[in-house]
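S.K.: Here you go, one structure.
The values are calculated or read from the model by the stated rules, or taken from the named source; none is laboratory data. The model shown is predicted, which means the values in this text are computed figures rather than measured ones. Heads up, the Cβs are rebuilt from the backbone with ideal geometry, glycines too, and the neighbour counts pull from every protein chain shown. The area values use the complete protein model at the heavy-atom level, side chains included, leaving out ligands, DNA and RNA. Shrake-Rupley method; radii C 1.70, N 1.55, O 1.52, S 1.80 Å.
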Amino acid sequence: DIKVFTLSILALLYSAKGEITKATDLINRALDWADKLKHNYSKGMAFGHELGVWHYTGNKEMVKQRTEGYLIFMQNNDLMVPMVIAQVIKSWAEDDLDGMKQFFPMGEQMGFNQMASYWNYMYAQVEYANGCFFDAHKRCEYYISYAKKNNEGFFLPELYRLKGLCVLRSTSDLETSRSCFTNAVEIARRTGVRLFELRVMNELYKITDDK
């Protein structure tokens, strides 16, 4: 349903701008409308977008709380695409690299090539959380270039931020990390993505204090 989709996308945009109350209101309206329609696929996609909101905001606990019931609904109604999306985001919330390896290829077959930089940023987060800094760094580098070539600039700040963190953990190279963080701040400010700007500014303050 176009209304469910529009409300869900707006919720994602507002969450990235750091307006969590507005984002929550929008995604709840999307869920309510999908429920009124009695249209299972619209409802499943609204569930998936809600999990996306919690990923944008870094709220792993909310993903864990919501995923179990959502997965049961999706499985009972044969909603394969929303189910794979939910499993991938669940793997992120649980830092589950094995789960990501299992479900991510399924997502690629179902359309993860659209917004590939976003989905691979999520994968890189899980690699980073499991200490696979080289793999996460390599993935970030590739999808920074990919995002630039394919006009997927929205998640560039997060890719640069995570690349900077990988450099710090693997080489302790403060200057290279600072360069990554500076790029992230500039892009976030240019695109007006306040939440991403705040995250990377926090990393810049940390390395300034360490230095």
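S.K.: Can VAL84 be described as within 14 Å of the chain's Cα centre (by Cα) and either open to solvent by 60 Å² or more (accessible area, probe 1.4 Å) or over 20 Å from GLU203 (Cβ atoms) (or both)? Working first, answer last.
M.R.: Details: within 14 Å of the chain's Cα centre (by Cα): no; either open to solvent by 60 Å² or more (accessible area, probe 1.4 Å) or over 20 Å from GLU203 (Cβ atoms) (or both): yes.
It is false that VAL84 is within 14 Å of the chain's Cα centre (by Cα) and either open to solvent by 60 Å² or more (accessible area, probe 1.4 Å) or over 20 Å from GLU203 (Cβ atoms) (or both).
S.K.: From GLU108, GLU50, grab the single residue that is surrounded by fewer than 17 Cβ atoms within 10 Å (Cβ to Cβ) and either assigned to a helix (DSSP H, G or I) or in contact with a Leu (Cβ under 9 Å, 6 or more places away or on another chain) (or both). Outline the logic, then answer.
M.R.: Numbers: GLU50 fails: surrounded by fewer than 17 Cβ atoms within 10 Å (Cβ to Cβ).
Criteria check complete, one pass: GLU108.
S.K.: Which of the residues spanning segment 54-68 are under 17 Å from GLU197 (Cα atoms) and part of a helix (DSSP H, G or I)?
M.R.: HIS55, TYR56
S.K.: Regarding ASN151, is this residue assigned to a helix (DSSP H, G or I) and polar (S, T, N, Q)?
M.R.: Details: assigned to a helix (DSSP H, G or I): no; polar (S, T, N, Q): yes.
Here the answer is no, as ASN151 does not meet what is asked.
S.K.: For residues in segment 21-35 being surrounded by 16 or more Cβ atoms within 10 Å (Cβ to Cβ) and of a type outside the set (Gly, Ala, Ser), which is nearest to PHE47 (Cα to Cα)? Can you show your working first?
M.R.: Applying the first criterion (surrounded by 16 or more Cβ atoms within 10 Å (Cβ to Cβ)) to segment 21-35 yields 23-24, 26-27, 29-31, 33-34.
Filter once more, keeping what is of a type outside the set (Gly, Ala, Ser): 24, 26-27, 29, 31, 33.
On the way: THR24: 12, LEU26: 12, ILE27: 9, ARG29: 12, LEU31: 7, TRP33: 12 Å.
That would be LEU31.
S.K.: Let me ask something else about it. Does at least one position in segment 130-140 carry a residue that is of a type in the set (S, T, N, Q), in contact with a helix residue (DSSP H, G or I) (Cβ under 6 Å, 6 or more places away or on another chain) and touching a residue at least 60 places away in the same chain (Cβ under 8 Å)? Steps first, answer last, please.
M.R.: Keep residues of segment 130-140 that are of a type in the set (S, T, N, Q), which gives 130.
Next, only the ones that are in contact with a helix residue (DSSP H, G or I) (Cβ under 6 Å, 6 or more places away or on another chain) stay: 130.
Imposing the further condition that a residue be touching a residue at least 60 places away in the same chain (Cβ under 8 Å) reduces the set to none.
No.
S.K.: Moving on. Looking only at segment 1-18, how many residues end up being surrounded by 16 or more Cβ atoms within 10 Å (Cβ to Cβ), more than 16 Å from the chain's Cα centre (by Cα) and not hydrophobic (A, V, I, L, M, F, W, C)?
M.R.: The qualifying residues number 1.
S.K.: Here is a follow-up. When segment 110-131 is examined, which residues are found to be hydroxyl-bearing (Ser, Thr, Tyr) and closer than 17 Å to ASP98 by Cβ? Steps first, answer last, please.
M.R.: Residues of segment 110-131 hydroxyl-bearing (Ser, Thr, Tyr): 117-118, 121, 123, 128.
TYR123, TYR128, listed by residue number.
S.K.: Tell me which residues, restricted to segment 160-206, are in contact with a His (Cβ under 7 Å, 6 or more places away or on another chain) and exposed (fewer than 15 other Cβ atoms within 10 Å of the Cβ).
M.R.: Answer for segment 160-206, where residues must be in contact with a His (Cβ under 7 Å, 6 or more places away or on another chain) and exposed (fewer than 15 other Cβ atoms within 10 Å of the Cβ): just SER170.
S.K.: With respect to the numbered conditions (1) free of Cβ contacts under 8 Å to residues at least 24 places away in the same chain; (2) buried (at least 18 other Cβ atoms within 10 Å of the Cβ); (3) not hydroxyl-bearing (Ser, Thr, Tyr), which one is the sole condition not fulfilled by LEU71?
M.R.: The one condition LEU71 does not meet is (2).
S.K.: Right, another one. Looking at ASN113, ASN151, ASN120, ASN76 in this structure, which one is free of Cβ contacts under 8 Å to residues at least 12 places away in the same chain and within 20 Å of ALA188 (Cβ to Cβ)? Before you say what the answer is, go through the steps one by one.
M.R.: Values: ASN113 fails: within 20 Å of ALA188 (Cβ to Cβ); ASN120 fails: free of Cβ contacts under 8 Å to residues at least 12 places away in the same chain; ASN76 fails: within 20 Å of ALA188 (Cβ to Cβ).
When all the criteria are applied, what remains is ASN151.
S.K.: Against the definition (more than 22 Å from TYR143 (Cα to Cα), at pLDDT below 90 and either more than 15 Å from the chain's Cα centre (by Cα) or not small (Gly, Ala, Ser) (or both)), how does LEU79 come out, yes or no? Explain how you work it out, then say what you get.
M.R.: Values: more than 22 Å from TYR143 (Cα to Cα): yes; at pLDDT below 90: yes; either more than 15 Å from the chain's Cα centre (by Cα) or not small (Gly, Ala, Ser) (or both): yes.
Answer is yes for this residue.
S.K.: Now, a different point. For segment 120-129, does any single residue satisfy the condition of being hydroxyl-bearing (Ser, Thr, Tyr), out of contact with any Pro (no Cβ under 6 Å at 6 or more places or on another chain) and over 29 Å from LYS43 (Cβ atoms)?
M.R.: Of segment 120-129, the ones hydroxyl-bearing (Ser, Thr, Tyr) are 121, 123, 128.
Narrowing further to those that are out of contact with any Pro (no Cβ under 6 Å at 6 or more places or on another chain): 121, 123, 128.
Narrowing the set further to residues that are over 29 Å from LYS43 (Cβ atoms) leaves 128.
Yes: one or more hits.
S.K.: Restricting attention to segment 112-129, and to residues there that are open to solvent by 20 Å² or more (accessible area, probe 1.4 Å) and either part of a helix (DSSP H, G or I) or closer than 20 Å to VAL53 by Cβ (or both), which single residue is modelled with the lowest pLDDT?
M.R.: Within segment 112-129, the first condition is being open to solvent by 20 Å² or more (accessible area, probe 1.4 Å), and the residues that meet it are 113-115, 119, 123, 125, 128-129.
After this cut, where a residue has to be either part of a helix (DSSP H, G or I) or closer than 20 Å to VAL53 by Cβ (or both) as well, the list is 114-115, 119, 123, 125, 128-129.
On the way: GLN114: 79, MET115: 84, TRP119: 93, TYR123: 96, GLN125: 96, TYR128: 95, ALA129: 95.
Out of the qualifying residues, it is GLN114.
S.K.: State the number of residues belonging to segment 154-198 that are among the basic types (Lys, Arg), closer than 18 Å to GLU19 by Cβ and without any contact (Cβ under 8 Å) to a residue 60 or more places away in the chain.
M.R.: 1
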